[in-house]
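Report on the following structure.
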Amino acid sequence: MTLGEVIKKYREDNDISQREFARMTGLSNSYISQLEMNMNSKNGQPIKPQLETYKAVADAMGITIDALFCMVDDMEISLRKMPAAEGSELDQKIMNLVYQLPEDLKDSVYDLLQAAVLGARRK
């Protein structure tokens, strides 16, 4: 499932509108719509959510970000810097280390994290 499919299923299972879910996450209604369609309205490409988007969705659903990652089959995460107020202190330290890496290493870290998530799903 994509992040958008997870969101849509959650909304339908809980009889929540896109607008209400947007309020729950602090994200815009149009962004929730783009996530559900898995299409960036600016360029027509599949959407690539930022890590803080996953966190906001997980928080709104009342689950951990790890649990959300296990629901999403194909994660495309943008590794842009999270705002300082987001995440735990450890999350911030990890993300700050990742942001300091050269771009080619960020891709390797992403691949490693994706492999770790896939491995956790198989257990």
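Provide a single number: the residues in the range 32-47 that are of a type in the set (Ser, Thr, Tyr) and touching a residue at least 12 places away in the same chain (Cβ under 8 Å). Before the answer, list the steps.
Residues of the range 32-47 of a type in the set (Ser, Thr, Tyr): 33, 41.
Subsequent filtering for residues that are touching a residue at least 12 places away in the same chain (Cβ under 8 Å) retains 33.
Matching residues across the range 32-47 total 1.
Scan the range 9-31 for residues that are within 16 Å of residue 63 (Cβ to Cβ) and either touching a residue at least 40 places away in the same chain (Cβ under 8 Å) or out of contact with any Lys or Arg (no Cβ under 7 Å at 6 or more places or on another chain) (or both) and report the count.
Initial filter on the range 9-31 (within 16 Å of residue 63 (Cβ to Cβ)): 9-11, 13-14, 16, 21, 24-25.
Within this subset, residues satisfying the condition of being either touching a residue at least 40 places away in the same chain (Cβ under 8 Å) or out of contact with any Lys or Arg (no Cβ under 7 Å at 6 or more places or on another chain) (or both) are 9-11, 13-14, 16, 24-25.
The number of residues fulfilling the criteria is 8.
Which of (1) modelled with pLDDT under 75; (2) outside any helix (DSSP H, G or I); (3) surrounded by 12 or more Cβ atoms within 10 Å (Cβ to Cβ) does residue 39 not meet, given it meets every other one?
If we test residue 39 against (1) modelled with pLDDT under 75; (2) outside any helix (DSSP H, G or I); (3) surrounded by 12 or more Cβ atoms within 10 Å (Cβ to Cβ), just (1) comes out false.
Only one of 75, 82 is modelled with pLDDT under 75, of a type in the set (A, V, I, L, M) and in contact with a strand residue (DSSP E or B) (Cβ under 9 Å, 6 or more places away or on another chain). Can you tell me which? It would help to see each step written out before you state the result.
Details: 75 fails: in contact with a strand residue (DSSP E or B) (Cβ under 9 Å, 6 or more places away or on another chain).
Testing whether each residue is modelled with pLDDT under 75, of a type in the set (A, V, I, L, M) and in contact with a strand residue (DSSP E or B) (Cβ under 9 Å, 6 or more places away or on another chain) leaves just 82.
The values are calculated or read from the model by the stated rules, or taken from the named source; none is laboratory data. Small disclaimer: the values here were computed from a predicted structure and weren't measured. Every residue, glycine among them, receives a Cβ derived from its backbone with ideal geometry; neighbour counts consider all protein chains shown.
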